[in-house]
Each structure stands twice: as C-alpha cells, then as structure tokens.
1. When you go through Glu168, Glu137, Glu120 one by one, which is the residue that is under 30 Å from Asn101 (Cα atoms) and exposed (fewer than 12 other Cβ atoms within 10 Å of the Cβ)?
2. Quick test of your reading of the structure: Ile132 fulfils all but one of (1) in contact with a helix residue (DSSP H, G or I) (Cβ under 7 Å, 6 or more places away or on another chain); (2) open to solvent by 70 Å² or more (accessible area, probe 1.4 Å). Name the failing condition by number.
3. When you go through (1) within 29 Å of the chain's Cα centre (by Cα); (2) surrounded by 12 or more Cβ atoms within 10 Å (Cβ to Cβ) one by one for Asp90, which number turns out not to apply?
4. Scan segment 101-116 and give yes if some residue there is touching a Leu at 6+ places or on another chain (Cβ under 7 Å) and not hydroxyl-bearing (Ser, Thr, Tyr), otherwise no.
5. Could you list, in sequence order, all residues of segment 18-35 that are open to solvent by 40 Å² or more (accessible area, probe 1.4 Å) and aliphatic (A, V, I, L, M)?
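The values are calculated or read from the model by the stated rules, or taken from the named source; none is laboratory data. If you're wondering where the values come from, they're calculated on a predicted model, not measured in any experiment. Glycine gets a Cβ as well: all are built from the backbone with ideal geometry, and neighbour counts include every protein chain shown. Quick note on the areas: whole protein, heavy atoms, side chains included, nothing else; ligands and nucleic acids left out. Shrake-Rupley method; radii C 1.70, N 1.55, O 1.52, S 1.80 Å.
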Amino acid sequence: MARSVIEPVNRIESAMRRMASGNFSEPIHVDNRDEMGELSVRINQTAAELAKLQETTLAEERARALQDRINRVTMAQEEERRRISRELHDGLGPSLAAIGNRIRACKQRVRSDPERAESELDEIADGVVAHIQEIRELIHDLRPLALDQLGLVGAVSQLVETFEHETEISASLSETGNILLDPLGE
C-alpha cells in the first residue's frame, strides 16, 4: 500500500521540479486508478497547456524583437534618405543650376570675348569634375564598395577603423555588433 502512494508521489515531485524549471516535455507516468492517477493526468494536462503558453510567449517575444529591429532599420533608412535628399537639394541642385546659368552666359560671351568665355568654360569644367566626385561620394554612401567586398561585419569594422584614425578615439566592434568607444584611449 505504501508503495502505491510513495512511488507516485516521488514521480509527481520529480515532474513538478522539472516543470518549475520550465521543462514541460516529460509527462508523469502514474498507473494508479485512484486520486494519484487522476492528479497525474491533471498535472500532465496543465503541463501541456503551460508548454503551449510558453511557446506562444516566446513566439510573441521574437515577433516583438523582430518588429523592433525592422522599425530601427526603417528609421535609419528614412534618416539616410532625408540626409541624401538634403545634400542633393542644398548642395548639388543649386550648384548644377549655377553651372547651367554660367554656360548660358558663356554662350552669349563667346562672340564678344572668346578668351574670357574659354576661361569661364575651363572653370565650369573644373566645377563639373568636383560635382562628379560629390556624386560618387553620395553613391558610395548609398552602397559602400566595402559592403560588397568584405560583407557587413568587415565593412563596419573598416568604418570603425576609419573613425579611429580620423578622430583619434579608440573604438572597437564587439561580438554582439555594438561599437565600443573609449574617448580617453584607455
């Protein structure tokens, strides 16, 4: 009689310890057809429900984390678009309009003062070369060549090294992808 009570109690106790630690995968096996057997059936049902709840909770947490990442990436993309738009609107756009105006002025001046028109066209050509370089830099900012050549981690590492060199602030890339700064260089 004692065995029919002690063994199921020990099994239930062991199963409850597993469940308390989050392991709901091993059901309790009690063959008794009394209250102990019924208790083990109810505990197994509760464990199955808790396992489903745990899976749902984990899935929801992963979905929230993924949505947070998507939101951060989207915000970064939008900020980059705004920056590029400002650069084009405030820098390149007006400069190209000015070049157009200068070319029209040279066109009118070509008959009356060809030497001055030629000198002006040389200056305009130099300006165009500078604007081509500016466009190349914008293109590079949109998709750095290092990204294709080195992959994301290599490209970010290269950016960190460039940052260190330009600012003389010690920086490193952690295994988790965080950039660690040491402004004192210690």
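1. Working: Glu168 fails: under 30 Å from Asn101 (Cα atoms); Glu120 fails: exposed (fewer than 12 other Cβ atoms within 10 Å of the Cβ).
Exactly one residue qualifies, and that residue is Glu137.
2. (1) is the only condition that Ile132 fails.
3. It fails just one condition, (2).
4. Start the filter on segment 101-116 by keeping residues that are touching a Leu at 6+ places or on another chain (Cβ under 7 Å), which leaves 106.
Right, trim to not hydroxyl-bearing (Ser, Thr, Tyr) and you get 106.
Checked against the condition, which is being touching a Leu at 6+ places or on another chain (Cβ under 7 Å) and not hydroxyl-bearing (Ser, Thr, Tyr), segment 101-116 yields at least one hit.
5. The answer is Ala20, and nothing else.
Listed here are the residues, each with its yes/no results for (1) farther than 29 Å from His140 by Cα; (2) without any contact (Cβ under 8 Å) to a residue 12 or more places away in the chain; (3) open to solvent by 80 Å² or more (accessible area, probe 1.4 Å); (4) over 35 Å from the mean Cα position of the chain (by Cα).
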{"residue": "Met16", "(1), (2), (3), (4)": "yes, no, yes, yes"}
{"residue": "Gln54", "(1), (2), (3), (4)": "yes, no, no, no"}
{"residue": "Arg62", "(1), (2), (3), (4)": "yes, yes, yes, no"}
{"residue": "Asn71", "(1), (2), (3), (4)": "no, yes, no, no"}
{"residue": "Thr74", "(1), (2), (3), (4)": "no, yes, no, no"}
{"residue": "Ile84", "(1), (2), (3), (4)": "no, no, no, no"}
{"residue": "Ala97", "(1), (2), (3), (4)": "no, yes, no, yes"}
{"residue": "Pro114", "(1), (2), (3), (4)": "yes, yes, no, yes"}
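Table: residues versus (1) among the β-branched types (Val, Ile, Thr); (2) touching a residue at least 24 places away in the same chain (Cβ under 8 Å); (3) assigned to a helix (DSSP H, G or I); (4) open to solvent by less than 60 Å² (accessible area, probe 1.4 Å).
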| residue | (1), (2), (3), (4) |
| --- | --- |
| Arg3 | no, no, yes, no |
| Glu13 | no, no, yes, no |
| Val41 | yes, no, yes, no |
| Ala48 | no, yes, yes, yes |
| Ala65 | no, no, yes, yes |
